[in-house]
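Worksheet: one structure, shown below.
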Amino acid sequence: MASLISPGFFGEPADARRTEFDIKNEQCQMEGSPADLIFAGDSITQFFSLPTYFRQFGYLLNRGISGDTAEILAKRLEADVLQLHPRCAVILIGINNT
């Protein structure tokens, strides 16, 4: 098993879910089953009911964090998306940058 990539904490809203994502990311790596589709972004992503619309695409992961900005998502992208080797990733971010 590869070592878990964890971006640490940022002193931002993202910190509230960092520990949760680290635990879930480790579980995904231990199971050895890559996600089919990962959504990453801000509150629009976090509170979106993915299975309602995307269940047919397989194993879904939601890595949305309310209050997140593009800068913070860029820092956590490797840990919360890339290391999980999804077939496809949807990035929805930027509204909190305005």
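The values are calculated or read from the model by the stated rules, or taken from the named source; none is laboratory data. Everything numeric here is computed off the predicted structure, so don't read it as measured data. Heads up, the Cβs are rebuilt from the backbone with ideal geometry, glycines too, and the neighbour counts pull from every protein chain shown. Surface areas here come from the heavy atoms of the whole protein model, side chains and all, with no ligands, DNA or RNA. Shrake-Rupley method; radii C 1.70, N 1.55, O 1.52, S 1.80 Å.
For the reader, a short list of remarks on this structure follows.
A quick yes/no check of all residues on (1) of a type in the set (D, E, K, R); (2) closer than 11 Å to residue 41 by Cβ; (3) touching a residue at least 12 places away in the same chain (Cβ under 8 Å):
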position	(1), (2), (3)
61	no, no, yes
68	yes, yes, yes
73	no, yes, yes
81	no, yes, yes
84	no, no, yes
91	no, yes, yes
98	no, no, no
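- The condition (being in contact with a strand residue (DSSP E or B) (Cβ under 6 Å, 6 or more places away or on another chain), free of Cβ contacts under 8 Å to residues at least 60 places away in the same chain, open to solvent by 50 Å² or more (accessible area, probe 1.4 Å) and not polar (S, T, N, Q)) is satisfied by just one residue among 48, 9, 57, 39: 57.
- Helices (runs of 4 or more DSSP H) contained entirely in region 42-98, each with at least 3 residues that are within 16 Å of residue 24 (Cβ to Cβ): 70-80
- Of residues in region 23-32 being in a helix (DSSP H, G or I) and open to solvent by 30 Å² or more (accessible area, probe 1.4 Å), the one farthest from residue 84 (Cα to Cα): 23
- Filtered residue count, region 60-86, keeping only those that are among the charged types (D, E, K, R), modelled with pLDDT of 95 or more and either surrounded by fewer than 16 Cβ atoms within 10 Å (Cβ to Cβ) or more than 13 Å from the chain's Cα centre (by Cα) (or both): 1
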